[in-house]
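J.: My questions all concern the structure below.
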Amino acid sequence: MSTIKIIRKTYSEFNEMDYQAIMEICDKVFDHGDHVFINELIRKSPFGEKNTAFLAYDGDRLIGCVHLIDTPMDYFGLELKSCELGIVATDPDYQKRGISSQLTEQFMNEVKEKGYTSIFIQGIPHFYRKFGFNYAVPMHSAKFTFHNGMVLKQIDHQIHEAKAEDANFIYEKCLEFRKQKSGIYRYRPQKLIKHSINDYETPELKKLYYIVSENGEKKGYFCLKNDPNHVNLEEISEMTPELFASVYSFLQEKAGEQNEILLNVPKNISFIDYLESMSELKKGDFDKTIGLLEKDIGEYAWQVLIPDYFRFFQAIRPVLEDNIAHSEFKDRDIQFNFNTYKELIAFDIRHSKIDLKYKPWTLTWDMNLPPQTAVKIIFDNFTQEELRPVIPDLIIKHQELKQLLKVLFPKHPVHFFGGY
């Protein structure tokens, strides 16, 4: 076999031959029809300068690709550089020859050079674990089943499909929510919202946004996945119960005989509380319930890789210092080593300020968190007590450090949207 060469290109540098070559590989590797979605994603991406492909060639023949999809993350008000590892495909004739590993190595080099703090992927768990990914954040799927025969009275609020000029309003509502209920969110930027409304056409990319108005004034919005088989709610802004009732009636009518809706929205959004209030069962009073909400029915989760914990802690240091300043540790001086069994970072905390130092790795016993533990504590809502029974190499020797870890990484809202 001739020497394999790898070329890096941003989406804005692609030509027609690149598109066609990638589609040919994707047509062989993915489910039928996925190449159509990938083709549109690459051609129409509003982030052509940021999204990057690493392309492997055998001579003039494209034999593999790995893509870096830029997706910002809101970490308690801080915007962090995060990205998604996507469209990983190797020509079947060249599989099991290390092509994907070579491409992923180039991807990781780009991550380091551009300063990305975290990488996310939806994919087969065992395959990506060898690159350092670990299950972290569930999709938080839910389902609401309407009770047969119970139809809410139609309320006089206007609901209409969003247009491109509504993108600013939708994004402002997204920003408003993240400020009100701070946490960890991967979100859709303003450009992507506009493209989802106006430019994308395939079901995976086209989003059905709706504006909710009252007396001619825009009050909120919601977004449905362009799914021909289900009514699938992907976003909904904060609104009054009366406006939620209008959305509820709209969704119930749209669900029709299927009689249910799927939800992939943040757990802490008020519409979930509204649906819960509709689904509370009262003994001997079933006829008064409107429906039934089932939570966490999804079978999939985001996988996360923090490529450099020192850089990540530097990026989120303002949040960590604020957490300490509002805790019993605010006037304390504490030193400890954060050990991932691969990286060793020294924390020196004095009067709520943190000094970080990267140290050569050695075995220590202060705070030993293997990556599969660390990503769940940092991004999801697990404590060391919950993880310790299943991950015995999670070691924190002192009670003070156990409490400090809870202060640094408290329970929090978290939700990730896809990067497209």
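The values are calculated or read from the model by the stated rules, or taken from the named source; none is laboratory data. What you see is a predicted model; the values in this text were computed from it and never measured. When we count neighbours, we look across all protein chains shown, and the Cβ atoms used for this are built from the backbone with ideal geometry, even at glycine. The accessibility values were calculated without ligands, DNA or RNA, using every heavy atom of the protein model including side chains. Shrake-Rupley method; radii C 1.70, N 1.55, O 1.52, S 1.80 Å.
J.: Looking at segment 214-246, which of its residues are β-branched (V, I, T), closer than 18 Å to K173 by Cβ and under 25 Å from the mean Cα position of the chain (by Cα)? First the steps, then the outcome.
T.: At the first step, the residues of segment 214-246 found to be β-branched (V, I, T) are 231, 236, 240.
Checking the rest, the ones that are also closer than 18 Å to K173 by Cβ come to 236, 240.
The one that is β-branched (V, I, T), closer than 18 Å to K173 by Cβ and under 25 Å from the mean Cα position of the chain (by Cα): I236.
J.: Those residues that are over 16 Å from the mean Cα position of the chain (by Cα) and either open to solvent by 50 Å² or more (accessible area, probe 1.4 Å) or free of Cβ contacts under 8 Å to residues at least 40 places away in the same chain (or both), I need them from segment 103-123; list them, please.
T.: The answer is T104, E105, Q106, N109, K112, E113, K114.
J.: So, one more: Checking E79 against (1) open to solvent by 20 Å² or more (accessible area, probe 1.4 Å); (2) in a strand (DSSP E or B); (3) touching a residue at least 12 places away in the same chain (Cβ under 8 Å), which single condition isn't satisfied?
T.: Only one criterion in (1) open to solvent by 20 Å² or more (accessible area, probe 1.4 Å); (2) in a strand (DSSP E or B); (3) touching a residue at least 12 places away in the same chain (Cβ under 8 Å) is unmet by E79, namely (3).
J.: If you check every pair at least six apart or on different chains, which have Cβ atoms under 9 Å apart with a residue in segment 225-252 that is over 17 Å from V265 (Cα atoms) first and a residue that is of a type in the set (F, W, Y) and assigned to a strand (DSSP E or B) second?
T.: F250/Y210; F250/F222; Q252/F146
J.: Answer yes or no: is there a residue in segment 257-274 that is crowded, with 16+ Cβ neighbours inside 10 Å, under 21 Å from E294 (Cβ atoms) and more than 23 Å from the chain's Cα centre (by Cα).
T.: yes
J.: Let me ask you something else. Within segment 331-375, can you find the residues that are of a type in the set (D, E) and surrounded by 12 or more Cβ atoms within 10 Å (Cβ to Cβ)?
T.: E343, D348, D366
J.: I would also like to ask the following. Kindly establish whether L243 is part of a strand (DSSP E or B), hydrophobic (A, V, I, L, M, F, W, C), in contact with a strand residue (DSSP E or B) (Cβ under 7 Å, 6 or more places away or on another chain) and over 22 Å from K81 (Cα atoms). Let's see the steps before the verdict.
T.: Details: part of a strand (DSSP E or B): no; hydrophobic (A, V, I, L, M, F, W, C): yes; in contact with a strand residue (DSSP E or B) (Cβ under 7 Å, 6 or more places away or on another chain): yes; over 22 Å from K81 (Cα atoms): yes.
Here the answer is no, as L243 does not meet what is asked.
J.: Let me ask something else about it. Taking the condition at pLDDT 95 or above and β-branched (V, I, T), does I349 pass? Break it down stepwise before answering.
T.: Working: at pLDDT 95 or above: yes; β-branched (V, I, T): yes.
When the stated conditions are applied, I349 passes them.
J.: For P410, indicate whether it is under 21 Å from H140 (Cβ atoms), part of a loop (DSSP other than H, G, I, E, B) and open to solvent by 30 Å² or more (accessible area, probe 1.4 Å).
T.: Criteria met by P410.
J.: Another question, if that's okay. Against the definition (among the basic types (K, R), open to solvent by less than 40 Å² (accessible area, probe 1.4 Å) and either closer than 23 Å to F144 by Cβ or at pLDDT 95 or above (or both)), how does K207 come out, yes or no?
T.: yes
J.: Collect the residues in segment 26-75 that are assigned to a helix (DSSP H, G or I) and over 23 Å from E110 (Cα atoms), keeping them in residue-number order.
T.: D27, K28, V29, D34, H35, V36, F37, E40
J.: Among (1) assigned to a loop (DSSP other than H, G, I, E, B); (2) surrounded by fewer than 17 Cβ atoms within 10 Å (Cβ to Cβ), where does D93 come up short?
T.: With (1) assigned to a loop (DSSP other than H, G, I, E, B); (2) surrounded by fewer than 17 Cβ atoms within 10 Å (Cβ to Cβ) applied to D93, the lone miss is (1).
J.: Any chance you could count how many residues in segment 261-285 are in contact with a His (Cβ under 8 Å, 6 or more places away or on another chain) and either in a strand (DSSP E or B) or at pLDDT below 85 (or both)?
T.: 2
J.: Would you confirm whether or not segment 306-320 contains a residue that is open to solvent by less than 50 Å² (accessible area, probe 1.4 Å), in a strand (DSSP E or B), closer than 20 Å to D366 by Cα and in contact (Cβ under 8 Å) with a residue 12 or more places away in the chain?
T.: no
J.: So, one more: So for segment 388-404 (the condition being of a type in the set (V, I, T), in a helix (DSSP H, G or I) and open to solvent by less than 90 Å² (accessible area, probe 1.4 Å)), does at least one residue qualify?
T.: No, there is no match, as no residue in segment 388-404 is of a type in the set (V, I, T), in a helix (DSSP H, G or I) and open to solvent by less than 90 Å² (accessible area, probe 1.4 Å).
J.: Which residue pairs have Cβ atoms under 6 Å apart, sit 6 or more places apart or on different chains, and have a first residue in segment 253-281 that is closer than 20 Å to G298 by Cα and a second that is among the small types (G, A, S)?
T.: From residues that are closer than 20 Å to G298 by Cα, the pairs are I261/A255; L263/A142; N264/S141; S279/G291.
J.: Scanning segment 182-201 for residues that are assigned to a loop (DSSP other than H, G, I, E, B) and more than 24 Å from V304 (Cβ to Cβ), which turns out most open to solvent (accessible area, probe 1.4 Å)? Give the steps one after another, and end with the answer.
T.: Taking segment 182-201 first, the residues assigned to a loop (DSSP other than H, G, I, E, B) are 182-183, 187-189, 199-201.
Subset that is more than 24 Å from V304 (Cβ to Cβ): 199-201.
Values: D199: 57, Y200: 5, E201: 137 Å².
Of everything passing the filter in segment 182-201, E201 is most open to solvent (accessible area, probe 1.4 Å).
J.: Something else about it: Within segment 16-33, restricting attention to residues that are free of Cβ contacts under 8 Å to residues at least 60 places away in the same chain and more than 15 Å from R61 (Cα to Cα), which residue is least open to solvent (accessible area, probe 1.4 Å)?
T.: Checked segment 16-33; the qualifying residue least open to solvent (accessible area, probe 1.4 Å) is G33.
J.: While we're looking at this one, here's another question. Given the conditions (1) open to solvent by less than 30 Å² (accessible area, probe 1.4 Å); (2) under 28 Å from I297 (Cα atoms); (3) modelled with pLDDT of 90 or more; (4) among the small types (G, A, S), which single one is not true for A136?
T.: Just one mismatch for A136, condition (3).
J.: Another question, then. Show the residue pairs that are 6+ apart or on different chains and have beta-carbon atoms under 8 Å apart, the first residue being within segment 160-188 and within 24 Å of T117 (Cα to Cα) and without any contact (Cβ under 8 Å) to a residue 24 or more places away in the chain, the second being assigned to a helix (DSSP H, G or I) and open to solvent by 40 Å² or more (accessible area, probe 1.4 Å).
T.: Y171/Q190
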